[in-house]
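In what follows, a single structure is set out as structure tokens and then discussed.
What follows is calculated from the coordinates using simple rules that are stated; it is not laboratory data. Quick caveat: nothing in here was measured; it's all calculated off a predicted structure. With ideal geometry, Cβ positions are generated from the backbone for all residues, glycine too; neighbour counts draw on all protein chains shown.
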């Protein structure tokens, strides 16, 4: 008989029964080991996904290419939309940051005087003399300077009767031989020389300039944008001052192109000089026909005429300051602008 001890004092106790649960049906003991907990391995997961994609690509190459292109195009569209939205939000935010500093926020209406020439005399005492103005060949008629003066006076008087109006003289540096002087500044200086025709206290503080327009359409569009810059809003009413023979061009063509309400658009026309009346009417018929074909002046002869009226290559600041109508500055077509506009 073995001398091995089985008592409690033995350092290696003997288990009389195996550890584990006894299965009655199989008459065996089950091993009750704990299940191993598997840890997530992101690298293995990525490899697995990559293998699946590679396998799918081999089985269906054309379908895989189509899905890839679709995902890429969708991502580009979403990215482009978000970038445009962020850019617009950034522009609006920058503009809104300066809202509290807008100097003419209480003014609601616009009186715009369209410029037609540059005042070149060093003396302000000869404003009604043709030699004081830079005149193109078609403008060299007796009494032409008086017509410019009439426009300035009509604009001042219209603003004087409306305490809520901004008076804007509009016109850029359009004449190379006249030097870098704008039509708008010329008109403002003539009004100053004439002491604002007796309305200095009422009008001078709200008479400003728009110094980039190169044609009649830009006179109107740029002045609306300039009004937005200095008031923080768009004009509730617009009054245009120019020659009487241009009334149809402004009211029927330019206003319609901008889709501005006819009920809030007004026109003050003055006659041209007697010796220029017939020539002016014939010329106006040609220009009006051009704007009927090209309402936004962005093609053909109208476009090239504008380029010729920018001899100093001035950078146009618009539509900065009027982001809500940015689309109007980009649009070029025979049909009316289809986008949203801030006036009803």
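Ranked highest first by average number of other Cβ atoms within 10 Å, how do 336-344, 169-177 line up?
Details: 336-344: 12.0, 169-177: 22.9.
Order by mean packing, descending: 169-177, 336-344.
Beta carbons within 10 angstrom, averaged per residue: use that to sort the peptides 247-254, 309-316, highest first.
The peptides rank, most packed first, as 247-254, 309-316.
What is the extension gain from residue 121 to residue 54, computed as 0.36 nm multiplied by their sequence separation minus the C-alpha to C-alpha distance, in nm to one decimal?
Length difference between fully extended and current span is 16.1 nm.
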